[in-house]
Structures are given as C-alpha cells and as structure tokens.
Amino acid sequence: MPHVAPSVRPLVAGNWKMNGTRQSLGEAEAVREALGDIPCDVMLCPPATLLGAMATLASGSRLQVGAQDCHDRTSGAFTGDLSAEMLADAGAFAIIVGHSERRTLHSDRDRDVRAKAAAAHRAGLMAIICVGETAGERRAGLTLAVVQRQLAGSLPPTVTPANTVIAYEPVWAIGTGLTPTSSDVAAVHAEMRRLLCEQFGEPGATIRLLYGGSVKAANAHELLNIADVNGALVGGASLLAADFLGILKNAYGV
Ligand code: PGA
C-alpha cells in the first residue's frame, strides 16, 4: 500500500462556517500566539466578512488564513458571490470547496466543485476539496464508491501536492459527535491515496489527505495518527482557541 512520504507536513484547518464577528478575532490571535514551533501547518477559514482582518492579524505569522467556497468565474453579474481572485485579494491562502453543506444546501455537483477548485488554482490559491458519504450511503456499503466518484469528478487537472488538499468528511460525522472507527478512516484514506497515485503518479503520494467530522481534542490523537491521515478539517472545535489548540496539542504534542 503506498504511504505518504514522511516529509509531508500535516495541516490542521479550522472551518468557522457561518460563525464569528469581529469580536471573534481574539480567538485567531490566541491561536497565532500559541503556534511557536508547531510541526504542522495551521489554518483558520473565517466567514468572508472577517477574511481581511484575519489576514492582517496573521500576516508574518505561522497562521494561514483560508476562505469558504467561491464562484468559478473571475468577476461578473453574480450577486452575493465572491470570486477566487477576490478572496486572494482579501488575503486568503486557500479556499474550501465541495463541503457537504455546499453540496447539500447549495446543490454543488462534482463538476461545480471541480470548477471552483480550478478557480482557486487560477487565483494562485490552495483548494481544500471535500468528499464524503452520507449515512445512507455508508449503510448501503457505498462509502468507497461515493468517495471514488467524488474524487474522480471534483479534481481539476491543475492539482498538485502544493495547491490541493483533500478532506474526507463523512457527512454523518459532521457536527454530530460521531466518528468512524480508525480502521474505517484508514480504509478510505488508503483508497484515496491509491486513486491519487494512479491519477497523478508520484506527486499523488504527497497530496495531503485530511480527516474531518467531529474532530476534537479528545479524539485528535487517534484520528490524526492513522496512516495516510495528514491532518484535519475541524468545524465546531475551531471556534474557540482553547479547543482548537487542544487538538494541535494532542495530535502533534505542541
Ligand atoms: P465538525 O465540522 O468538526 O463541526 O464536525 C467539520 C466540517 O464540517 O468541516
């Protein structure tokens, strides 16, 4: 089984979703101050309203700042939407695309996710591409088939290990407190690794694969030490610095 090279640096990214006002920036400051020599990359993805301010406070520090979703076009008559170029201009380093909340609540299909990931690359940003099965799909034994289909459909040809991260997020584990077993996570990540190596050759071995869904300090050590798990995408437990830092500490001993 191909394993990711040991030199791959893990990434722990926090997705604030539709949470946070300017008052919440103190949490990002607290994360920034605690990073020190931490042996992983650390990112927070606030709502777009806080991107500029968070990018300013993170500037010159180890804290990376990402955005949540984008339109695939550069500009135009798309009321309420934001282009990847605008998010880059506001200070984003990455964009989360294909999150299950976008796939479900905004009907994003694989081809939309692929176009958005390509837009992130076009703007010089990293794409964090999310995949994952629903509870019903898991019960029906379709987990690997769903992840295979989503990966095949959601990755643009511009993918490189530097500009793309894949997050496996079982939909039923998001915000529920439920997590798959370690062996279930290992099986999905091994399959994703196999597919990436098949599609991209040697570079496929170093594309980072994150696990997401109810990651918290108490389960971080176990989940983030599974083979081919190169970090985490964290929702609820990224809102407060103490919770987020607890994950980093337990996973990587900061
Ligand atoms: P959660 O969300 O950590 O709150 O389960 C994860 C995510 O949606 O990325």
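Side notes on the structure shown:
- Take each peptide in 138-151, 37-50, count the other Cβ atoms within 10 Å of every residue, and average; sorted highest first, the result is 37-50, 138-151.
- Carbon plus sulfur fraction of accessible area for the stretch 1-149, probe 1.4 Å, in percent: 52 percent
- Under 5 Å between amide hydrogens, built in the peptide plane, is the criterion, and for E133 it picks out V171 among residues at least 5 positions away or on other chains.
- Surface accessible to a 1.4 Å probe, M86 within the full protein complex, Å²: 90 Å²
- Three-way shape call for the stretch 1-143 based on the alpha-carbon gyration tensor, with the a/c threshold at 1.5: oblate
- The stretch 108-199: radius of gyration and largest Cα-Cα distance (Dmax), Å: 13.4, 39
- Amide H contacts under 5 Å for A67, placed H, 5+ residues apart: F93, A94, I95, I96
- Model label zone, T21; criterion: amide N under 11 Å from point 7 Å along Cα-to-beta-carbon; scope the stretch 31-48: none
- Set of aspartates and glutamates with alpha-carbon distance to K216 below 12 Å, sequence-local pairs under 8 removed: D243
- Residue order for W16, W172 - accessible surface, 1.4 angstrom probe, largest first: W172, W16
- Prolate/oblate/rounded label for the stretch 119-254 (Cα gyration tensor, a/c 1.5): oblate
- Å² per residue, accessible surface of the stretch 1-128 at 1.4 Å: 48 Å²
- Across T181, T206, T164, T79, the residue with the most accessible area heads the list, and the full order at a 1.4 Å probe is T79, T181, T206, T164.
- Principal semi-axes in Å for the stretch 58-125 [√(5λ), Cα gyration tensor, largest first]: 21, 14, 10
- Built amide H within the under 5 Å cut-off of V234, gap 5+: A13, G14, N15
- Rounded to the nearest 20 debye, the dipole size of the chain about its Cα centre is 180 debye, using +1 on the Cβ of Lys and Arg and -1 on the Cβ of Asp and Glu.
- The 3J(HN,Hα) values that the Karplus relation (6.51, -1.76, 1.60; θ = phi - 60°) gives for the stretch 210-226 are, in residue order, 9, 9, x, x, 6, 6, 8, 4, 5, 10, 5, 4, 5, 5, 8, 10, 6 Hz. Gly and Pro appear as x.
- Normalised size of the stretch 94-138, defined as Cα radius of gyration per 2.2 N^0.38 Å with N residues, equals 1.19.
- Exposure rank, largest accessible area first [S182, S59; 1.4 Å]: S59, S182
- In Å², nearest 10: area of Y252 left accessible to a 1.4 Å probe: 50 Å²
- Across all Cα atoms of the stretch 19-70, the radius of gyration (one decimal) and Dmax (whole number) stand at 10.6, 32 Å.
- Cα-centre dipole for the stretch 1-118 with unit charges at Cβ (Lys and Arg positive, Asp and Glu negative), debye to 20: 220 debye
- Magnitude of the charge dipole, the stretch 142-254, Cβ model with Lys/Arg +1 and Asp/Glu -1, debye to 20: 120 debye
- Between R139 and R122, the contour length at 0.36 nm per residue exceeds the alpha carbon distance by 2.3 nm.
- Normalising the average separation of contacting C-alpha pairs (under 8 angstrom, six or more residues apart) by the number of residues puts the relative contact order of the chain at 22 percent.
- Each listed q (0.11, 0.17, 0.18 Å⁻¹) maps to a log10 I(q)/I(0) for the chain, found by the Debye formula over equal Cα scatterers with no solvent: -0.52, -1.36, -1.54.
The values are calculated or read from the model by the stated rules, or taken from the named source; none is laboratory data. As the structure is a prediction and not an experimental result, all values here were calculated from the model. Ideal geometry is used to build each Cβ from the backbone, glycine not excepted, and the neighbour counts take in all protein chains shown. Each accessible area value is taken on the protein alone, full model and side chains, heavy atoms only, with ligands, DNA and RNA left out. Shrake-Rupley method; radii C 1.70, N 1.55, O 1.52, S 1.80 Å.
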